[in-house]
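Laboratory data are not the source of any read-out in this text; all were calculated from the coordinates shown. From a predicted model like this one, the values you see are computed outputs, not experimental measurements. Don't worry about glycine lacking a Cβ; one is built from the backbone with ideal geometry, like all the others, and counts go over all protein chains shown.
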Amino acid sequence: MSRNKDKYESNNPRRQQTFLTAEDIAAGKKTCWHGIEITGSVRNLSPTLWKFEHLTALFLNDNCLTRLPHQIGQLVNLRTLDLSANKLRSLPAELGELIQLRELLLNNNYLRVLPYELGKLFNLHVLGLHGNPLGKDVLSIYNEPNGTSKLLTYMLDNLSDLTMV
């Protein structure tokens, strides 16, 4: 990985980004990038992150995050969200607001339950849950053929049951 004042070059060529300088921002220029990668044992996320509503990809993997703020629901254009290899024990219900999401990677965390609101993610094709101490009912559905689709249906059905009470 190399850095200069204007460019971040990741080891992954798909994740090379050019940043705006302070002068660019002062001149009113807008970013043209659609993804952010934040890795390296990060424990807290800046509230500014939730203002980047144009993002389509957010890579927060390989950190020390123990919680995800409910403001994640403001990133309504996300298509890819990688939260793998953190220390997450729960997820906010607002993840269900990310209806454009196609890929949600939650591998290798400490998740025991998932919010039923994930059932609203109708565009989700990839759901990574490996390495989490999830309940038997969730894992048995997830490990079936077409497990992601079946699990989302299960979550949506349970969400509907809760809203009828």
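Using packing as a proxy for protection, rank 101-109, 120-128, 138-146 so that the peptide with the highest average count of other Cβ atoms within 10 Å comes first.
Working: 101-109: 20.6, 120-128: 15.8, 138-146: 13.7.
Peptide ranking by packing, descending: 101-109, 120-128, 138-146.
Calculate I(q)/I(0) for segment 34-164 by the Debye formula, one identical point scatterer on each C-alpha and no solvent, and give its log10 at q = 0.16 Å⁻¹ to two decimals.
Each listed q maps to, in turn, -0.76.
7 Å from Cα along Cα→Cβ at both Cys64 and Val126: what's the point-to-point distance in nm?
A separation of 2.8 nm, rounded to one decimal place.
From the phi angles alone, apply the Karplus equation (6.51, -1.76, 1.60; θ = phi - 60°) to segment 104-120 and give each ³J(HN,Hα) in whole Hz, x where the residue is Gly or Pro.
Those phi angles translate into 10, 10, 10, 4, 6, 10, 10, 6, 9, 9, 10, x, 4, 4, 4, x, 7 Hz.
Among Tyr110, Tyr116, which comes first, then next, by fewest other beta-carbon atoms within 10 Å? Don't jump to the answer; show the numbers that get you there.
Numbers: Tyr110 13, Tyr116 19.
So the ranking, lowest neighbour count to highest, is Tyr110, Tyr116.
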